[in-house]
Amino acid sequence: MSHWTTENSESFIRRVTFDYWTQLQKRFDSMPVTQLELAKIFGVSESAISQTLNNSKNPTLKTLFNYAQVAKLKFAIVPYEDSDPERSPINSEIFTLCWEKAGRPRTFGQARALPNVAATAFTGESLIVPADRAYYKPRRHGRQSPKRGEPFSKRSFIRQKNNAYTNWQCVLRGLWWKEIFGWDKN
Amino acid sequence: MPNADKFEVNPLPGLEITDKGVAFLTRTSRKDINAKAEFDKLKPKLQQDVLNRFDYWIQGNHYDKYFHGFPSDPRYEHLWIFKWQKAGTQYRLYGFLFNPRPVTEKNFQACVLVCHGQKPGNDQHDPLAESLRLNLSVVKEVKKAFPERKG
């Protein structure tokens, strides 16, 4: 069965704006900025702010921009190809999360230099980690890397900041990826 | 011959089922089990935003303003609510979390929505969702709605 957002353009747009306002709300919560303060900034009533943040209206790009400015954020409009168009749209926070985990590349060159994570992580190919990422090389006493499933203490980790290196053995085991990126194979 | 009056659990059409799924519990003779009835009455835009909240949970995200449990209250360990606000009133759909796939998917969570409430106002439905979670007929219907994975 198709996802409800595939019904028509209004449904899809409502979902996209919902994702946007959710990210903004979370940001305002963390700053923190109250709806009363936002009302003063924009010169509107608090209920108008509430309606906007609760996705009651179709916002213009200018509105999205104005709120992002207050939240000290930028935003991008990201068309992408979905291999299964009947499914729900990808949540915009996932794009943000991926960008952050990729080290926040700012140029096409930086982005193209990134390893193809899905292809290399579990195939045993060598992986170069960018030198500006802090990372941990799992190491146990007398052994290079632990076996899958073995518990290991963070105290036994060696933190290396300055040199990029490959560690395909750990990549095979999937442990390193989980430690650095918080990704689980499943 | 009239349909037998029994519990029914129906996953919401148009929502994905990942390691989580959302369903409504219904029973014709039980007016207190009114989550679906109240959801169906919502205006289209508001209904879509409630669906957005379901999706947000299904995708594995967290946001207490949209949904949460009551982890610090042992009486409501499995209780779950989805909530939204309109004109100063907070509306809630109460349900419970349950894993109907303990064999093939240990981490699966079904959220079975039972009743509707609002705050301030009528919060007295809290015990209903928990009591129905323990009802064997309800459990059977949840397992039917979200059967174990094949293969």
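Distance cut-off 31 Å, Cα to Cα: go down the list B:LYS6/B:LYS150; B:LYS65/B:LYS106; B:LYS31/B:LYS140; B:LYS83/B:LYS150; B:LYS45/B:LYS140 and report the pairs above it.
B:LYS83/B:LYS150; B:LYS45/B:LYS140
Contact order for segment B:10-121, expressed relative to its length and based on alpha carbon pairs under 8 Å spaced 6+ residues apart, stands at 29 percent.
Just to be sure I understand: if you take the accessible area of chain B alone plus chain A alone and subtract the pair, with a 1.4 Å probe, what total do you get in Å², rounded to 100?
On the way: alone 8940 and 13110 Å², together 20170 Å².
Between B and A, the summed buried area is about 1900 Å².
When only the Cβ of Lys, Arg, Asp and Glu is charged (+1, +1, -1, -1), the dipole of segment B:7-151 relative to its Cα centre reaches about 280 debye.
Filter the trypsin sites (Lys or Arg not before Pro) in segment A:9-59 to those in DSSP coil with at most 15 other Cβ atoms within 10 Å of their Cβ, and list the result. Working shown, then result.
Values: sites: A:ARG14, A:ARG15, A:LYS26, A:ARG27, A:LYS40, A:LYS57; in loops: A:LYS57.
Sites meeting the loop and neighbour criteria: A:LYS57.
The loop-placed chymotrypsin sites (Phe, Trp or Tyr not before Pro) in segment A:1-80, going by DSSP, that have at most 11 neighbouring Cβ atoms within 10 Å of their Cβ come out as A:TYR80.
What part of the accessible area of segment B:26-151, given as a whole %, is carbon or sulfur when the probe is 1.4 angstrom? Show your work: numbers first, answer last.
Values: 3500 of 6620 Å².
Within segment B:26-151, the accessible surface is 53 percent carbon and sulfur.
Expressed in nm², what is the orientationally averaged projection area of the convex hull enclosing the Cα positions of segment A:1-105?
Details: hull surface 30.8 nm².
Computed as one quarter of the Cα hull surface, the answer is 7.7 nm².
For segment B:27-35, the Karplus equation 6.51 cos²θ - 1.76 cosθ + 1.60, evaluated at θ = phi - 60°, returns couplings of 7, 3, 7, 9, 6, 6, 8, 10, 4 Hz by residue, with Gly and Pro reported as x. Calculated mean residue ellipticity, 222 nm, chain B: -8000 deg cm²/dmol, from DSSP H runs (n ≥ 4) at -39500 (n - 2.57) each, averaged per residue and rounded to 500. Heavy-atom accessible surface of segment A:1-99, averaged per residue, reaches 61 Å², computed with a 1.4 Å probe. Under the combined filter of DSSP loop state and at most 14 neighbouring Cβ atoms within 10 Å, segment A:13-101 retains these GluC sites (Glu not before Pro): A:GLU81, A:GLU86. Dipole of segment B:26-146 computed with +1 at Lys/Arg Cβ and -1 at Asp/Glu Cβ about the Cα centre; of B:PRO127, B:LEU42, B:TYR76, farthest Cα towards the positive end is B:LEU42. For segment A:1-42, a drop of 30 Å² or more in accessible area on going from the chain alone to the assembled protein chains (1.4 Å probe) is found at A:MET1, A:HIS3, A:TRP4, A:ARG14, A:ARG15, A:PHE18, A:THR22, A:GLN25, A:LYS26, A:ASP29. Normalised by 2.2 N^0.38 Å, where N counts its residues, the alpha-carbon radius of gyration of segment B:1-119 equals 1.07.
The values are calculated or read from the model by the stated rules, or taken from the named source; none is laboratory data. Quick caveat, the model's predicted, so the values are computed rather than measured. Backbone-built Cβ (ideal geometry, glycine too); neighbour counts: all protein chains shown. To get the accessible areas, we keep the full protein, side chains included, count just its heavy atoms, and leave off ligands, DNA and RNA. Shrake-Rupley method; radii C 1.70, N 1.55, O 1.52, S 1.80 Å.
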